[in-house]
Amino acid sequence: MCGTASRPQSAGHMITIPAGWFWMGSENHYPWERPRHRVWLDAFEIASITVTRREYSEFLAESGHVDPACWREHAFRNPDQPVVGVSWFDAVTYCEWLSRFRDGIFRLPTEAEWEKACRGGLESAEYAWGNQTPSSIDRFSGQWLGPRPVAEGPANGYGLFNMGDNVHEWCLDWYAENYYSVSPDIHPPGPKTGTRRISRGGSWRHQIKASRAAHRSSLPPGYRYTDYGFRIVKERHEL
């Protein structure tokens, strides 16, 4: 299921990721991506795009929550861009706010959910789209002055846009470098404690603007960087 969007979709447009096993991590890169291991996840629903500035504006207007970092700067004012400059706490608060008036409970994806969604059914590929390197893809070339509007490029195999590129995305889990060596095989929840939260994906400000599906990054949860955004997961009633 691939294609380009004629206009941005709502972050509330949810895609169901099927239940099953997948291979998480990588043996060929950084130590914190090892060991590559099989993980089972029940079916879950994840947004086809990251939360946009347009949607986050509604949250700010109705909740009175503090503005993201650099909210009024020109480079980040397109309503169809991903919202950036949000901390992990801001993202969690948005999910709690959305859950109060929408049908369902919304949250950040776990690290395992994010990676399975990113892979789009391509178990052994390096990137969401396959093995072609970002440096050889025209749309990732040149200097970007801010994040691109959501859904500009092709969707991955699950119909998700910008999985691994444009902005880093906050995940629910705490980060630990050696977590994969002790992680449960079924619904890994991440470490119980930590000082940094997991983030996944690439960044508009980097020279290489997309990341491998297995690449792990992290940041203290209170930081607000202008290449950090998020997408949402909807809890399934049967879980």
| query | What about Ser57, is it polar (S, T, N, Q), outside any loop (DSSP other than H, G, I, E, B) and modelled with pLDDT of 95 or more? | reply | yes
| task | Report, by residue number, each residue of segment 41-62 that is touching a residue at least 12 places away in the same chain (Cβ under 8 Å), over 19 Å from the mean Cα position of the chain (by Cα) and open to solvent by 50 Å² or more (accessible area, probe 1.4 Å). | result | Glu62
| note | Within segment 151-204, the residues that are of a type in the set (A, V, I, L, M) and either more than 16 Å from the chain's Cα centre (by Cα) or open to solvent by less than 30 Å² (accessible area, probe 1.4 Å) (or both) are Ala151, Ala155, Leu160, Met163, Val167, Ala176, Val182, Ile186, Ile198
| So Gly142 clears everything in (1) modelled with pLDDT under 95; (2) over 30 Å from Pro191 (Cα atoms); (3) part of a helix (DSSP H, G or I) except one condition, right? Which one? | (3)
| Of the residues Trp88, Trp97, Trp114, Trp129, which is at pLDDT 95 or above, more than 17 Å from the chain's Cα centre (by Cα) and at negative phi? | Trp97
| message | Being outside any loop (DSSP other than H, G, I, E, B) and surrounded by fewer than 17 Cβ atoms within 10 Å (Cβ to Cβ) is the filter here; which residues of segment 67-92 pass it? | response | His74, Ala75, Phe89
| remark: Flagged pairs (Cβ under 7 angstrom, 6 or more apart or on separate chains; first in segment 148-159, on the phi > 0 side of the Ramachandran plot and touching a residue at least 24 places away in the same chain (Cβ under 8 Å); second open to solvent by 10 Å² or more (accessible area, probe 1.4 Å) and of a type in the set (Lys, Arg)) are none
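The values are calculated or read from the model by the stated rules, or taken from the named source; none is laboratory data. Treat the numbers as computed from the prediction; the structure is a model and nothing was measured. Using ideal geometry, Cβ is built from the backbone for each residue, glycine included, and neighbour counts are taken over all protein chains shown. Areas reflect the complete protein model, heavy atoms only, side chains present, ligands, DNA and RNA absent. Shrake-Rupley method; radii C 1.70, N 1.55, O 1.52, S 1.80 Å.
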